[in-house]
1. Identify all residues within the range 44-71 that are at pLDDT 65 or above and small (Gly, Ala, Ser); write none if there are none.
2. Go through the range 101-115 and report how many residues are closer than 22 Å to residue 13 by Cα and either at pLDDT below 95 or polar (S, T, N, Q) (or both).
3. Do we find that residue 34 is modelled with pLDDT under 90, assigned to a loop (DSSP other than H, G, I, E, B), of a type outside the set (Phe, Trp, Tyr) and in contact with a Lys or Arg (Cβ under 6 Å, 6 or more places away or on another chain) in this structure?
4. Taking the criterion of being touching a helix residue (DSSP H, G or I) at 6+ places or on another chain (Cβ under 7 Å), assigned to a loop (DSSP other than H, G, I, E, B) and either over 26 Å from residue 107 (Cα atoms) or modelled with pLDDT under 85 (or both), would at least one residue in the range 10-25 satisfy it?
5. So which residues in the range 61-89 are in contact with an Asp or Glu (Cβ under 9 Å, 6 or more places away or on another chain) and part of a strand (DSSP E or B)?
6. Would you pick out the residues in the range 90-115 that are in a strand (DSSP E or B), over 11 Å from the mean Cα position of the chain (by Cα) and more than 16 Å from residue 42 (Cα to Cα)?
Amino acid sequence: MRANHALAQDSLHHIVSRIRTRKQRGLEGSQPRNPTPNDALGAFMTTRKFVASFDKCLPRSIALVDYLAEANLFPYFVMGVKMKPFAAHAWVQLNDTVLNDSVDTVTRYTPILVV
């Protein structure tokens, strides 16, 4: 809900800048409270039962990045596009591991923004 509110109130540029700044600060010295994102990711993915996720890749990805940052985990926020037909998609990944989508889905898109 916070991500939806942020998208309604702020520009995407501002939201991405906030993610970038928080990630830079977080990587400068904090240690993760969780050794892996598995517990945090599992809790977040449970929300799919309660909140519609179809066609909500952008707010869900922003929410996941925010959620993991609270545990001092700073994955990549990725936005990609594909042509024919044109489509845009957002997802979160930790190094090479896609956290909130399938690899089959995201490989159809060319990343245009990685934070």
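1. 61, 63, 69, 71
2. 1
3. Values: modelled with pLDDT under 90: yes; assigned to a loop (DSSP other than H, G, I, E, B): yes; of a type outside the set (Phe, Trp, Tyr): yes; in contact with a Lys or Arg (Cβ under 6 Å, 6 or more places away or on another chain): no.
Considered against the rule, which asks whether it is modelled with pLDDT under 90, assigned to a loop (DSSP other than H, G, I, E, B), of a type outside the set (Phe, Trp, Tyr) and in contact with a Lys or Arg (Cβ under 6 Å, 6 or more places away or on another chain), residue 34 comes out as no.
4. Taking the range 10-25 first, the residues touching a helix residue (DSSP H, G or I) at 6+ places or on another chain (Cβ under 7 Å) are 15, 19, 22.
Right, trim to assigned to a loop (DSSP other than H, G, I, E, B) and you get none.
No.
5. Hit for the range 61-89 is 89, nothing else.
6. Listed by number, the residues that qualify are 110, 111, 112, 113.
The values are calculated or read from the model by the stated rules, or taken from the named source; none is laboratory data. Keep in mind that what you see is a predicted model, and the values were worked out from it rather than measured. Please note: Cβ atoms are built from the backbone with ideal geometry, for glycine as well, and neighbour counts cover all protein chains shown.
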